[in-house]
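Asks: Starting off with a structure, shown below.
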Amino acid sequence: MKTKRDISSLADIQLMVDSFYGTVREDELLGPIFNHLIQDRWPEHLEKMYRFWDTVLLDSHTYHGAPFHPHATMPVNSLHFNRWLQLFHATVNGLFEGAKAEEACWRGEKMAQMFLSKIEYYQGQPPLR
């Protein structure tokens, strides 16, 4: 049995991101939303996600931006976030094990909670004038 290793390099981040979003793009629930919003800009999106997760997990400081803003108006709810987390955990745990893999799952959960909370808040508010 082959032992999994922990996330420790940009190549590991790229494998995680490519594997995860490959699954998302094909997912019955999430695929149509992501594919509609991203369209032909997948290479740019993946590059941004490499920088984001490299910064979050490996302290590279290559990502600069506000990750919530592009998600603010997405047509999603708790069902979508639960599926996102299910796929994310399956991807990370299927490829890696160790402290950084656990941190990736934990950070994914915290981001999903925060994003969902903010989206629900904004969806319940009248539009700004």
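Derivation of every value follows stated rules applied to the coordinates shown; laboratory data play no part. Quantities reported herein were computed from a predicted structural model and do not represent experimental measurements. Quick reminder, even Gly has a Cβ in these numbers, built from the backbone with ideal geometry, and neighbours come from all protein chains shown.
Asks: Given axes a ≥ b ≥ c from the Cα gyration tensor, I'd like to know whether the range 40-105 is rounded (a/c under 1.5), prolate (a/b larger than b/c) or oblate.
Replies: It comes out oblate by the Cα gyration axes.
Asks: Among rounded, prolate and oblate, which fits the range 19-78 when a ≥ b ≥ c are the square roots of the eigenvalues of its C-alpha gyration tensor, a/c under 1.5 means rounded, and a/b larger than b/c means prolate?
Replies: Prolate.
Asks: Okay, next question. Rounded to two decimals, what ratio of Rg to Rh does the range 77-121 give with C-alpha atoms and a Kirkwood Rh?
Replies: 1.03
Asks: Count the lysine pairs in the chain whose Cα atoms sit under 27 Å apart, keeping only pairs 8 or more residues apart in sequence or on different chains.
Replies: 10
Asks: At most 16 other Cβ atoms within 10 Å and a DSSP loop assignment: could you name the chymotrypsin sites (Phe, Trp or Tyr not before Pro) in the range 24-129 that fit?
Replies: Taking the range 24-129 and a limit of 16 other Cβ atoms within 10 Å, the loop chymotrypsin sites (Phe, Trp or Tyr not before Pro) found are Tyr63, Phe68.
Asks: To continue, here is another question. Stretched out fully, how many nm does the piece from Asp6 to His61 gain, at 0.36 nm a residue minus the Cα gap?
Replies: Length gained between Asp6 and His61: 17.8 nm.
Asks: Using Cβ contacts closer than 10 Å as the measure, can you line up Lys100, Lys110 from fewest to most?
Replies: Lys110, Lys100
Asks: Taking Cα atoms of the chain, Rg/Rh with Kirkwood Rh, to two decimals?
Replies: Ratio of gyration radius to Kirkwood radius for the chain: 0.97.
Asks: Would you please give the residues with an amide H less than 5 Å from that of Arg5, counting only those at least 5 places away or on a separate chain, with H modeled from the backbone geometry?
Replies: Glu97
Asks: Using DSSP to define loop residues, name the GluC sites (Glu not before Pro) in the range 1-101 whose beta-carbon has at most 11 other beta-carbon atoms within 10 Å.
Replies: Passing both the DSSP loop test and the Cβ count: Glu28.
Asks: What number, rounded to the nearest 500 deg cm²/dmol, is the helix-based mean residue ellipticity at 222 nm of the chain, given -39500 (n - 2.57) per DSSP H run of at least four residues and division by all its residues?
Replies: When only DSSP H runs of four or more count, the value is -22000 deg cm²/dmol.
Asks: Moving to a separate point now. Arranged by the count of other C-beta atoms within 10 angstrom, fewest first, what order do Ile13, Ile33, Ile119 take?
Replies: Ile33, Ile119, Ile13
Asks: How big is the charge dipole of the chain about its Cα centre, in debye rounded to the nearest 20, if each Lys and Arg gets +1 on its Cβ and each Asp and Glu gets -1 on its Cβ?
Replies: Dipole of the chain, to the nearest 20 debye: 240 debye.
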